[in-house]
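Trainee: Submitted below is the structure of interest, expressed as structure tokens.
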Amino acid sequence: MAERKIDTPKNKQIQEEDMVKQTKAKTFQAYLDSCHRRYSCVHCRAHLANHDDLISKSFQGSQGRAYLFNSVVNVGCGPAEERLLLTGLHAVADIYCENCHTTLGWKYEQAFELSQKYKEGKFIIELSHMIKDNGWD
């Protein structure tokens, strides 16, 4: 015998919530101020960082040039692991776009050499994963 669902207010609410999940457009967790130059994910256009948070353009990622940022938005962080990078041993965590889940670069969790301590808590985003957005004329 087939199981029959009883139409209760709770069941209707669950059905409506499921419909909202299916039709809801993707939204970003944070939108950066529209009057500032910013960087966005090349894959989904989620805002990533303000140009004011750019520290350096002189970094190398696994896929080419990369920028170092003081802070980023709409980015998730994986588990930290030790990696031997061009500038020595660091504890880093891969970062990814929270909208499209593309790996963008990494976050410096810990630097083991004194000269590299300034990187701790900062973010690397590879140029191949971001675009300049808004006000770059």
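The values are calculated or read from the model by the stated rules, or taken from the named source; none is laboratory data. As the structure is a prediction and not an experimental result, all values here were calculated from the model. All Cβ positions, glycine included, derive from the backbone under ideal geometry; neighbour counts span all protein chains shown. Protein only, heavy atoms only, side chains kept; ligands, DNA and RNA dropped before computing areas. Shrake-Rupley method; radii C 1.70, N 1.55, O 1.52, S 1.80 Å.
Trainee: Amide H neighbours of residue 66 under 5 Å, counting only residues 5+ apart in sequence or on other chains, H built in-plane at 1.01 Å?
Mentor: 59, 60, 61, 127
Trainee: Something else about it: Taking the simple approach of a point 7 Å from Cα along Cα-to-Cβ for both residue 45 and residue 86, what is their distance in nm?
Mentor: Between residue 45 and residue 86, the label points sit 3.3 nm apart.
Trainee: With label points built 7 Å along Cα→Cβ from the Cα atoms of residue 58 and residue 33, find their separation and express it in nm.
Mentor: With each label placed 7 Å out from Cα toward Cβ, I get 2.8 nm.
Trainee: So if R0 is 25 Å, what FRET efficiency would residue 101 and residue 132 give, r being the distance between their Cβ atoms, rounded to the nearest 0.05?
Mentor: Rounded to the nearest 0.05, the efficiency is 0.65.
Trainee: Using a 1.4 Å probe over the heavy atoms of the protein chains, calculate the carbon and sulfur portion of the accessible area of the range 53-107 as a whole percent.
Mentor: Roughly 48 percent of what the probe reaches on the range 53-107 is carbon or sulfur.
Trainee: Roll a 1.4 Å probe over the protein chains and send me the accessible area per residue for the range 38-133 in Å².
Mentor: Per residue, the range 38-133 has 48 Å² of solvent-accessible surface.
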